[in-house]
Every structure is written in structure tokens, then in C-alpha cells.
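Let me begin by presenting the structure, written as C-alpha cells, before commenting on it.
Any read-out appearing in this document is the output of simple, stated calculations on the displayed coordinates, not a laboratory observation. Source: prediction; values computed, not measured. Here the Cβ is made from the backbone with ideal geometry for all residues, glycine too, and neighbour counts use every protein chain on show.
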Ligand code: G3P
Ligand code: CA
Ligand code: CA
């Protein structure tokens, strides 16, 4: 069971799970209310125990239909089809639109005000099977890793600010010259090898695990937000990096969608450039601390 630690009458004054832990001494994992600088109260999940705790869930990227190519539900890329006329798609990485709920973060996309409101240093990523209940996320996640370099401090303190500086936008730059930061990660569940093994052989030959590259770009100048525990070493970044822009020229619209081209050589086949079924069918939860 998860902790419903705050009583209804407790004023939600903290802006982050880190503040709830440090100032208010909450130390159990669970759903909490936070309040943004502008007074928006919202509920999210706090991981109060991993590597010192104080991690705030700010977003999840959920692929509701791998066969839908920038269709409904592709909120982190484009719900408008793949089209060079909307180069940044829905623009979710660098706007203040919010959607979803914490409880449904493995069943739908989630983005809360913390995504742009919290000033953080590091990012944690959890891969949790789709539709898992919140009280089972921790036990069912098969990969969890977090950055350790406090890199966000150099990019305005959150991903909203990072992606304002480095837009997830078609034609914003070229590969690899204009990739965003590549940051080393520590593993909390799984390891670099098990992370790498979630991808097909062609992806493994074209990436190094144990890192997250942000704002990766591919051969055709399409941009992606986050590479899933890898640093791409070629420009076929669309098979391991997710949350794309609004236009992927290669075989358009085949690579367009929240999980981009994890299915290039078939859905969940784990062959060629395709990812495993396990990672294809798991939501990507994004935390700040
Ligand atoms: O990203 C892979 C694509 O650019 C080429 O794939 O099918 O020719 O091996 P393929
Ligand atoms: Ca989605
Ligand atoms: Ca390619």
C-alpha cells in the first residue's frame, strides 16, 4: 500500500517532494499534494526513499498506440499527424499545458505544474509496465536510473527550461553537433547491461548505455527529448529516444509518435532496430530532485 501521508486539513505548502521531505519530514513513498509558486495545487507521487529520496514525479510518457503515428494520445510528440508545418508538434516539452493524473501515470500521459515550477538538479527515470497501479510501481518497475551530476542547474533547473533552450523541434539542429547534454546515470533497478538489452542489436551497436542524452537529433533533423538510458553513437536516434517533435522525414509518418520508432523492425520484436515488448509496453516516468 502507498502512503496517503497528508491529512486533508494539512495545507499543501511545499513546492516539491524534496521540500516535503526536508522541511516537513515526510519520508514515505506515496501520493502527496504540492503547490506551485502561482498557487496551483496538484497531486503527485513522491519517491521518498530512493538514493536519499525527495523525488517528485513530474511527467510520464505513455505510448497508448504504437501503431498510431502522431495520432490521439501522442501528447509528447504530436497529435496532429507528422507534418513539417508543425515542427514542434504539440510543444509539450516547452509549454505549461498539463494533462493526466498521478494515479493514471502508467495508463496515460501525465504532466503536472512541477514540470515547469520546480527548480531541480537531477532527473530520475522509471520504466513501469503500462496500467500498473500506483502502489505497485516500485515493485514492478524493471529499470530505474537517475542522473548524478546536477546537470539541470546548468539548464535553468528543470526540463521545461532545458527544452526552451534546446527545442524538441524538427530542423532545430543537426546530429550530432546540436545534441543536448549527455549525462551519466546511476541505476536503482537494473543495470547498464540490462538497460542496453532492452533494445535490438542494431540499436546496441549504435549506442552506449549508462547515460541519458537529452534533445537528440537524427539523420533527418528530427528531434527527440530523452534517450532511454543510452547515449546514441550514430544518428539513428529514433529507436532509443522518445518524445519527439512534430515531423520525422524518414518514411514519414512511421517514426512519429511518443515512442518514436521503437517498432521500426516490428512491434516488440527485439530484432534489428526494434525494442523489446517489455520496454515498448512500459510507461516512462520522469522525476526531479
Ligand atoms: O534507422 C534505421 C533506418 O534509417 C534504416 O533502417 O531498415 O534500412 O535497416 P533499415
Ligand atoms: Ca502518449
Ligand atoms: Ca534512421
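General observations
- For the chain, relative contact order (Cα pairs under 8 Å, six or more residues apart, normalised by length) works out to 21 percent.
- Stokes-Einstein D for the chain, Kirkwood Rh over Cα pairs, 20 °C, 1.002 mPa s (µm²/s): 116
- Gain on full stretching of the segment that runs from residue 142 to residue 22 - 0.36 nm per residue minus C-alpha separation: 40.4 nm
- For the chain, the 222 nm mean residue ellipticity estimated from helices alone, with every DSSP H stretch of n ≥ 4 adding -39500 (n - 2.57) and the total spread over all residues, rounds to -2500 deg cm²/dmol.
- Out of every Cα-Cα pair that region 21-155 contains, those further apart than 26 angstrom amount to 27 percent.
- Residue 174-residue 65 FRET efficiency (beta carbon distance; Förster radius 22 Å; 0.05 resolution): 0.15
- Shape summary of region 223-284, radius of gyration then Dmax from alpha carbon positions: 10.6, 27 Å.
- Global geometry of region 179-278, whether rounded, prolate or oblate, following the gyration tensor of its Cα atoms and the 1.5 cut on a/c: oblate
- Note that region 1-97, at 37 °C in a medium of 0.692 mPa s, gets a Stokes-Einstein diffusion coefficient of 211 µm²/s from its Kirkwood radius over C-alpha pairs.
- Across region 5-72, the relative contact order, built from alpha-carbon pairs under 8 Å that are at least six residues apart, equals 28 percent.
- For region 62-123, fraction of C-alpha pairs farther apart than 19 Å, in %: 37
- Evaluated over the Cα positions of region 147-225, the convex hull gives a direction-averaged projected area, one quarter of its surface, of 5.7 nm².
- Largest first, the extents of the alpha carbon coordinates of region 113-260 on the three principal axes equal 40, 36, 27 Å.
- D by Stokes-Einstein for region 112-173, Kirkwood Rh over Cα pairs, 25 °C, 0.890 mPa s: 181 µm²/s.
- Among 42, 170, the order by Cβ neighbours within 10 angstrom, fewest to most, reads 42, 170.
- Taking each residue as 0.36 nm, the span from residue 83 to residue 37 lengthens on full extension beyond its C-alpha to C-alpha distance by 13.0 nm.
- For the chain, built as a Gaussian network whose Cα springs stay under 10 Å, the top-fluctuating residue of 134, 185, 40: 40
- Shown is the FRET efficiency for residue 204 and residue 135, computed with R0 = 35 Å from the Cβ-Cβ distance and rounded to the nearest 0.05: 0.55.
- The eigenvalues of the Cα gyration tensor, multiplied by 5 and square-rooted, give region 1-53 an equivalent ellipsoid with semi-axes of 17, 12, 10 Å from largest to smallest.
- With both labels modelled 7 Å from their Cα along Cα-to-Cβ, the residue 250 to residue 7 distance reads 5.8 nm.
- The packing ranking, built from the mean of other Cβ atoms within 10 Å per residue, places the peptides 212-221, 241-250 in the order 241-250, 212-221, highest first.
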